[in-house]
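Have a look at the structure below, then the notes.
The values are calculated or read from the model by the stated rules, or taken from the named source; none is laboratory data. Here the structure is a predicted model, which is why all the values come from computation and not from measurement. Here the Cβ positions follow ideal geometry from the backbone for every residue, glycine too, while neighbour counts run over all protein chains shown.
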Amino acid sequence: MTEISLPRPPSFRLDGKRALITGAGRGIGLGAAVGLADAGAHVILASRTLSEVEAAASAIRALGQSAEALELDVMDLDAVRHRIPALGPLDILLNNAGTNRPRPMVEVPEADFDAIMDLNVRAAYFVAQTVAKMMLAAGNGGSIINTSSQMGHVGSAGRSVYCASKFAVEGFTRAMAVELGPHNIRVNTICPTFIETPLTKPYFDDPAFKEKVLAKIQLGRVGTIEEISGPIVFLASQAASLITGSSLMIDGGWTAE
């Protein structure tokens, strides 16, 4: 019998890795923290609301996994530049804190524009910059995952500023990937469709809105938090070692048409 040299299967394990997740108190961030911890990473859950991430970290530790909580307002750039480096080496960043204030574009006030852009773009950029500096100094590479959206690839009524913010995230993600690639630091986005989270739940109380959304999702349903954590673990792991500057669509087929 002829001997065959088989390729090694990819590893999705994250043992020994350290991951920072912003906006980790609930929703996608919390789901990601659970997924990354289950894959073996030490997870640092960051949020403005310390009680939320302390409870989440405690629950993860109760499963025999490794987690800690960090009180951090990513809008406070002084805090970002001091508190994140104080954590010690990081291998993974899920840059997840974000917001939205849906409104017809002709009605958008400056306060809403500033709030969305300041958190979704300005804060996200400088969190990524801070972690990238740490990864460069350590010289061990890493994975930066920026939370974008399907709305970073299409337009949507009532979401002009949110779309603009996520298009911006897509742009700086690609530029960061080009700059950081030679240092084995991968930078990608995840692009979810509407997911069942505390942030989106009020929108679906409107039957007309829900019907409109489900008509655009080819799978005919909104996503769950668990369906986002798997792709995040993938991008964080060596299974995605050749992927950088990419957008991972998790949109149920919304952007397929």
Subset of the range 89-99, residues within 13 Å of S149 (Cβ to Cβ) and surrounded by fewer than 22 Cβ atoms within 10 Å (Cβ to Cβ), comes to T99
Of (1) crowded, with 19+ Cβ neighbours inside 10 Å; (2) assigned to a helix (DSSP H, G or I); (3) not small (G, A, S), C191 satisfies every one except (2)
Going through the range 106-121 in order, the residues found to be touching a residue at least 24 places away in the same chain (Cβ under 8 Å) and either part of a helix (DSSP H, G or I) or under 19 Å from T244 (Cα atoms) (or both) are D112, F113, I116, M117, D118, L119, N120, V121
Among S165, S156, the single one that is within 12 Å of N100 (Cβ to Cβ) and buried (at least 23 other Cβ atoms within 10 Å of the Cβ) is S165
request  = Tell me, please, whether a residue that is touching a residue at least 24 places away in the same chain (Cβ under 8 Å) and farther than 20 Å from P198 by Cβ can be found in the range 45-61.
outcome  = no
Of those in the range 194-208 that are surrounded by fewer than 14 Cβ atoms within 10 Å (Cβ to Cβ) and assigned to a loop (DSSP other than H, G, I, E, B), the residue modelled with the lowest pLDDT is P198
Selection from the range 137-150 of residues free of Cβ contacts under 8 Å to residues at least 40 places away in the same chain and either surrounded by 23 or more Cβ atoms within 10 Å (Cβ to Cβ) or within 14 Å of the chain's Cα centre (by Cα) (or both) yields none
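Yes/no matrix, rows are residues, columns are (1) modelled with pLDDT of 95 or more; (2) assigned to a loop (DSSP other than H, G, I, E, B); (3) of a type in the set (A, V, I, L, M, F, W, C); (4) in contact with a strand residue (DSSP E or B) (Cβ under 9 Å, 6 or more places away or on another chain):
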| residue | (1), (2), (3), (4) |
| --- | --- |
| V131 | yes, no, yes, yes |
| A164 | yes, no, yes, no |
| V169 | yes, no, yes, yes |
| R174 | yes, no, no, yes |
| G181 | yes, no, no, yes |
TODO: Report yes if some residue within the range 209-229 is buried (at least 17 other Cβ atoms within 10 Å of the Cβ), in a helix (DSSP H, G or I), over 15 Å from the mean Cα position of the chain (by Cα) and not polar (S, T, N, Q); otherwise report no.
DONE: yes
Counted residues in the range 191-217 being farther than 21 Å from A97 by Cα and free of Cβ contacts under 8 Å to residues at least 12 places away in the same chain come to 10
Discussion item. When you check D73 against the structure, is it within 22 Å of F126 (Cα to Cα) and surrounded by 14 or more Cβ atoms within 10 Å (Cβ to Cβ), yes or no?
Written reply: yes
Inside the range 144-189, the number of residues satisfying the requirement of being within 14 Å of W254 (Cβ to Cβ), of a type outside the set (G, A, S) and in contact with a Pro (Cβ under 8 Å, 6 or more places away or on another chain) is 2
When restricted to T49, T130, the only residue surrounded by 15 or more Cβ atoms within 10 Å (Cβ to Cβ) and at negative phi is T130
Pairs returned, first residue in the range 238-257 that is surrounded by 20 or more Cβ atoms within 10 Å (Cβ to Cβ), second residue that is of a type in the set (D, E, K, R), beta-carbon separation under 6 angstrom, 6 or more apart or interchain, are T244/R186; W254/K216
Quick count over the range 62-105, residues being of a type in the set (D, E, K, R), over 22 Å from L14 (Cβ atoms) and either part of a loop (DSSP other than H, G, I, E, B) or at pLDDT below 95 (or both), is 4
